[in-house]
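Data block below; observations after.
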Ligand code: PLP
């Protein structure tokens with residue numbers, strides 16, 4: 001009976017998460033996070049749909065949990081084409097030309113983790129329909145999930161065949177995520193050895209993680225001020241930083257973006273130097289994403305066409321609805337001092 005009680009709680013969480021994502025509970029597979037969801041989707045599509053063409057279309061600012069599985073497939077004989085995204089503008093003409101050469105998979109994220117740049121999955125699907133492409137469309141929605149209520153974001157599951165999300169981006173626990181797998185899409189399990197998750201993913205379920213995921217989704221959806229609070233802090237920051245630092249600050253804001261992520265660059269101050277100073281004052285930003293913070297290069301910002309000077313000093317701010325106006329002011333004051341280091 002303990003097992004049944006746990007399963008009921010997990011079922012409830014599945015209903016909460018799937019309804020927020022806009023899919024059926026049976027279309028949602030819980031995973032260990034966004035990384036696993038992306039790996040599982042990409043390897044499955046390549047294995048099940050390669051007959052549509054051993055080609056994969058993606059873009060260079062994708063998260064490493066998308067780019068690395070694709071690189072592995074490339075080493076196993078798949079061809080990979082990267083759509084230019086200069087300045088945050090997805091090159092649809094290039095994309096359509098590439099689709100005409102045949103492909104089994106298109107993998108484009110919803111929102112970029114370093115710049116907040118939003119990609120329009122509705123338009124991407126339209127291009128695929130226009131070119132009669134039979135490729136699967138996968139979307140890494142880890143950063144965008146519940147961060148925008150634009151129609152084409154809310155209806156992601158309508159346009160995509162698989163969608164990855166992660167609990168810790170919306171206040172859930174680390175080590176838990178989910179993959180939407182559209183009804184009818186053929187799926188090759190990534191983790192085998194158990195009948196859990198309708199035999200799609202083996203392994204004892206992470207009940208604590210999934211229940212917390214459901215609760216976190218519920219909290220975000222119930223909080224009517226969630227998006228407005230994030231936007232308010234972002235706007236306060238943008239107004240204050242401009243008068244405090246003037247020419248010393250460069251900000252990359254793609255035309256379409258989520259409000260929770262902002263990429264800035266403090267002229268001539270190396271990212272790490274700035275981060276260390278801010279950290280000593282109890283302010284925690286990052287220079288890239290946690291997953292790629294150990295490498296020196298920043299292919300994501302390069303993909304957007306940002307200059308070497310910008311990248312040298314780039315910082316990524318993540319606004320939460322729990323940040324206060326006072327914290328924004330502290331950050332701006334600290335950045336002003338950091339800009340003179
Ligand atoms: N995709 C994006 C865009 C991310 O930002 C992240 C994590 O930061 C991931 C995937 C990986 O998700 P997880 O940390 O749940 O493995």
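The values are calculated or read from the model by the stated rules, or taken from the named source; none is laboratory data. Everything numeric in this text was worked out from a predicted model, so none of it was measured. Ideal geometry is used to build each Cβ from the backbone, glycine not excepted, and the neighbour counts take in all protein chains shown.
What the table below lists for this structure:
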item	result
Within region 134-157, tally of residues that are within 20 Å of residue 81 (Cα to Cα), in contact with a strand residue (DSSP E or B) (Cβ under 8 Å, 6 or more places away or on another chain) and touching a residue at least 60 places away in the same chain (Cβ under 8 Å)	4
Residues of region 14-48 that turn out to be within 16 Å of the ligand (Cβ to nearest atom) and part of a helix (DSSP H, G or I), as a count	12
Search result, residues across region 233-260 that are assigned to a strand (DSSP E or B) and either more than 16 Å from the ligand (Cβ to nearest atom) or out of contact with any helix residue (DSSP H, G or I) (no Cβ under 9 Å at 6 or more places or on another chain) (or both)	249, 250, 251, 252
Residue 101 touching a residue at least 40 places away in the same chain (Cβ under 8 Å) and either more than 15 Å from the ligand (Cβ to nearest atom) or more than 18 Å from the chain's Cα centre (by Cα) (or both)	yes
Region 85-98: number of residues that are out of contact with any helix residue (DSSP H, G or I) (no Cβ under 8 Å at 6 or more places or on another chain) and within 16 Å of the ligand (Cβ to nearest atom)	1
Residue tally, condition under 20 Å from the mean Cα position of the chain (by Cα), buried (at least 16 other Cβ atoms within 10 Å of the Cβ) and under 30 Å from residue 30 (Cβ atoms), over region 219-251	4
Qualifying residues in region 64-80 (those that are surrounded by fewer than 18 Cβ atoms within 10 Å (Cβ to Cβ) and in contact with a strand residue (DSSP E or B) (Cβ under 7 Å, 6 or more places away or on another chain)) - the one farthest from residue 102 (Cα to Cα)	74
Extreme residue, nearest to residue 258 (Cα to Cα), among residues of region 150-170 that are assigned to a loop (DSSP other than H, G, I, E, B) and modelled with pLDDT under 95	150
Residue count, region 49-63 (criterion: within 15 Å of the ligand (Cβ to nearest atom) and buried (at least 18 other Cβ atoms within 10 Å of the Cβ))	5
Filter result (within 18 Å of residue 120 (Cβ to Cβ) and within 14 Å of the ligand (Cβ to nearest atom)) within region 64-84	66
Residue in region 157-179 that is nearest to the chain's Cα centre (by Cα), counting only those that are away from the ligand (no atom under 14 Å from the Cβ) and closer than 24 Å to residue 115 by Cβ	160
Residues satisfying the stated conditions in region 186-197, i.e. crowded, with 18+ Cβ neighbours inside 10 Å, away from the ligand (no atom under 16 Å from the Cβ) and outside any helix (DSSP H, G or I)	187
